[in-house]
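First the structure, in the form of structure tokens, and then the observations on it.
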Amino acid sequence: MRADLRRRSVLAATVLTMPLLTAACKGVGGLGTLPKSGPDVALLQGAIDTEQALIARYRLAIARSPGLAGTLSPLLAQHREHLARLTSMLIEPASPSGTPRPSPSASAPAGSGSDPSATLAALETAETDAASSLAGRLALAPPALAQLLASIAASEASHALLLRAHGAAG
Amino acid sequence: MTASPGPASTHPASTGPAATGAAPAGLALSGAATRGTGAALQAALAAENAAIYGYGVVGGQLGTAARNQALRDWTQHEVARDQLEAMLTSLGVLPAAARPAYQLPFPVHGTGAAISLAGYLENRVAAAYLGIVVLDNSRLRVWAATQARACALRATTWLGRTVAFPGLSSGSGRAAAAGPSASP
């Protein structure tokens, strides 16, 4: 999947941040063969995978603990926004925006059974891990993607804070 | 917050801790100077100075507990300001001075408006730090991303809700709200 993606796609971010002169010289036809797009696409795909796994966790958590829907649905909606923005940076999207493809962690339990407090705690940990994972990709990302990753990581850290506040209040 | 001078308003308390005056570890930037780096650091410094001023206004509208939180946040912005000034100095760039006063984005009377102003300030500062994240210096990127995260956490504590893209213009502007507000 990733190798295929590497061949067919380039980062929109890379295109946007390239000097105009370079773009003008190479033309659109030259963009698909840029060898540097590989690592960037892999990096972006990693971030997309992270978001898809989080979306799957939230959906599972809401299904198991419907009473948490009011708390979790807005956060899930923000993850869908994250995914859409990340996916939009691929000229040829890996999958339709907002439709998570199956991932190994999609079936991971969001908490033990339907215990709401355990669910909140598990999601808090997942958010914190996701924020760290995204932040860890910053240094190697092209500028526009780095900015987006930093913003999403900040959002997810604040999700963790909100989930912790709910856990303490609940 | 716009940078234009506005009418004199409540000035931040003058009892803050002593400035650290040092760049964060690994971020003394001598030799790494670029025009873009200086401009991005100056923009963040300007945002921090505006936030420091703004938190003085915020604190003046709040009760004791919330005012203490405003004081803690104000102190964090002062520390960040000092770090930015030290980084600029290490680049050989003169840090821009704070203005005597700043135009507030909306009238701030009462607790609700004060809390809204705190959230507004944090988003503006986060946006300025995202302007540093686009630079090539990876340590600077990571530091700025950490600062943007701190802004998002403070905003969430004040507002009791999160946004999808702190510091970036959001597509929908939808916010996820906490039931029991985390704000004081």
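The values are calculated or read from the model by the stated rules, or taken from the named source; none is laboratory data. All values derive from a computational prediction rather than experimental measurement. FYI the Cβ positions are ideal-geometry reconstructions off the backbone, even for glycines, and counts take in every protein chain you see.
A few remarks follow.
- Taking the numbered list (1) within 9 Å of another protein chain (Cβ to nearest Cβ); (2) at pLDDT 95 or above in turn, residue B:124 passes all entries but (1).
- Residues that are surrounded by 24 or more Cβ atoms within 10 Å (Cβ to Cβ), more than 17 Å from residue B:49 (Cα to Cα) and either in contact with a Cys (Cβ under 8 Å, 6 or more places away or on another chain) or touching a residue at least 24 places away in the same chain (Cβ under 8 Å) (or both) within region B:142-154 comprise just one, B:152.
- Residue satisfying all of: in region B:158-184; at the interface with another protein chain (Cβ under 7 Å from one of its Cβ atoms) and at pLDDT 95 or above; surrounded by the fewest Cβ atoms within 10 Å (Cβ to Cβ) among these: B:168
- So residue B:35, is it modelled with pLDDT under 95, among the charged types (D, E, K, R) and more than 22 Å from residue B:155 (Cβ to Cβ): yes
- Those residues of region B:98-141 which are of a type in the set (S, T, N, Q), part of a loop (DSSP other than H, G, I, E, B) and surrounded by 15 or more Cβ atoms within 10 Å (Cβ to Cβ), in sequence order: B:137
- Hits in region A:61-90 (condition: more than 11 Å from chain B (Cβ to nearest Cβ), small (Gly, Ala, Ser) and surrounded by fewer than 23 Cβ atoms within 10 Å (Cβ to Cβ)): A:63, A:65, A:67, A:69
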